[in-house]
Amino acid sequence: MSGILYPTQIKYLKQFKKDDDPLVIEMEQYAKEHNVPILYRQSADFLEQIVLMINPKRVLEIGTAIAYSTIRIAKILKKKSVIHTIEMSEDNAAIAKENIEKSGLEDKIDLKIGNALTIMPQLQKKYDLIFLDADKEDYKRLFDYSMILLKRGGVIFVDNLLWHGFAATQKVPKEYKISTRHIRDFNKIFMNQPALISTILPVGDGIGLGIKK
Ligand SMILES: C[S@@+](CC[C@H](N)C(=O)[O-])C[C@H]1O[C@@H](n2cnc3c(N)ncnc32)[C@H](O)[C@@H]1O
C-alpha cells in the first residue's frame, strides 16, 4: 500500500493538474528529487480553498520544510495577514529561506527556526488557522499547544492522518509500525477533542480538519 487512493483514481485526478507558478513547480521538483515530504498537490489545493474561505489574519504552520505550503498559503493571504512557520531542521530552513526570498513574500512570512515544542509555548497571540505537518511522534503535544493557540472559530488542518493507507489496515510494514501507532493514537484524540468539530477527509494522505467551538 502506498497511498489512500487506487492508482486509477490518482491517474484520473492528475489529468486536471493546472499549470502553476514556476516557483511552485520548482519546489515540487526539488522535493521529489531530494525526498523532502511536502503536501500532496490536492491537499495544498484544498488548504488554499480553506484559506480563501476563512480569510485568516494570522496563520501558524508547524513544519515548514522547504516552504512549499508556506508560500502557497502566503500567496493568497490578504493584505496585512501573516503566516508564522516553524522549522527545526537547519538544512530545510536554509532552503526555505531561499525560496521565501525568491517568492518576494518576505513581508507575509515569519520563519522561526527551532523545535516547535519549544517555540509554541512562547507564542502569545492566537491564530485563525493552524496547519500541523511535523514529525508524527510530536503530533499529540503539538496538537495540545495548537488547541491553546487556536482562536474560537479557528481552523486546524492536519496532514497525514490516513498515513499512506496504513492507519486503516492490518498489514503494516515493519518500518511504518511505530509511526502508524502514533497516527492511530493521534486520530483518536483529534476525533474526540471536545472543543473541536473534527473530521478526517480522504484528501491527499488524509487531512484532519477541525473547527474550534
Ligand atoms: C512534512 S514536512 C513539512 C512540509 C511542508 N508543510 C509542506 O507541505 O511544504 C515536516 C517538516 O517538519 C519539520 N519538523 C518536524 N518536527 C518538528 C518540530 N517538532 N518542530 C519544528 N519542525 C519540525 C521537519 O524537519 C520537516 O522539515
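For the pairs Lys17/Lys174; Lys32/Lys79; Lys80/Lys125, note any where the Cα-Cα span goes beyond 27 Å.
Numbers: Lys17/Lys174 34 Å; Lys32/Lys79 32 Å; Lys80/Lys125 15 Å.
Lys17/Lys174; Lys32/Lys79, as the Cα separations exceed 27 Å there.
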message = Counting each pair of different Cα atoms once, what's the Kirkwood radius of the range 7-212 in Å, rounded to one decimal?
response = 17.4 Å
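Looking only at the chain, where both bridge partners belong to it, what percent of the DSSP beta bridges are antiparallel (to the nearest 5)?
On the way: 10 of 29 bridges.
Here the antiparallel bridges make up roughly 35 percent for the chain.
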query = Of the residues Lys79, Lys102, Lys57, which exhibits the maximal mean-square fluctuation in a Gaussian network model of the chain defined by a 10 Å Cα contact cut-off?
reply = Lys79
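Give the residue list of chymotrypsin sites (Phe, Trp or Tyr not before Pro) in the range 1-91 that are DSSP loop and have at most 14 other beta-carbon atoms within 10 angstrom. Let's see the in-between values first.
Values: sites: Tyr12, Phe16, Tyr30, Tyr40, Phe46, Tyr68; in loops: Phe16, Tyr40.
Taking the range 1-91 and a limit of 14 other Cβ atoms within 10 Å, the loop chymotrypsin sites (Phe, Trp or Tyr not before Pro) found are Phe16.
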inquiry  = Report the Cα centroid-to-centroid distance between the range 137-213 and the range 1-70 in angstrom, as an integer.
reply    = 18 Å
query = Binning every alpha carbon pair distance of the range 24-112 at 5 Å from zero, what are the percents per bin?
reply = 3, 15, 28, 26, 19, 7, 1
request  = Bin width 10 Å, alpha-carbon pairs only: give the P(r) of the range 69-176 as whole percents, running from 0 to the bin holding the largest distance.
outcome  = 12, 40, 34, 12, 2
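Can you figure out the FRET efficiency of Asn35 with Lys80, using R₀ = 30 Å and their beta-carbon distance, to the nearest 0.05? Provide the component values of the computation, followed by the final result.
Working: r = 36 Å, r/R0 = 1.21.
Efficiency, rounded to the nearest 0.05: 0.25.
Could you pull out every whole DSSP H run in the chain that spans at least 18 Å of Cα extent along its own axis and averages -0.5 or higher on the Kyte-Doolittle scale? Provide the component values of the computation, followed by the final result.
Numbers: long enough: 41-54 (20 Å, 0.57); 90-103 (19 Å, -1.09); 177-192 (23 Å, -0.69).
Passing helices, by number: 41-54.
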task = Springs between alpha-carbon atoms under 10 Å, Gaussian network over the chain: tell me which of Met120, Met53, Met147 tops the mean-square fluctuations.
result = Met53
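Every number here is computed from the coordinates shown, using simple stated rules; none is lab data. These numbers were taken from a predicted model, which means no experiment stands behind them. Here the Cβ is made from the backbone with ideal geometry for all residues, glycine too, and neighbour counts use every protein chain on show.
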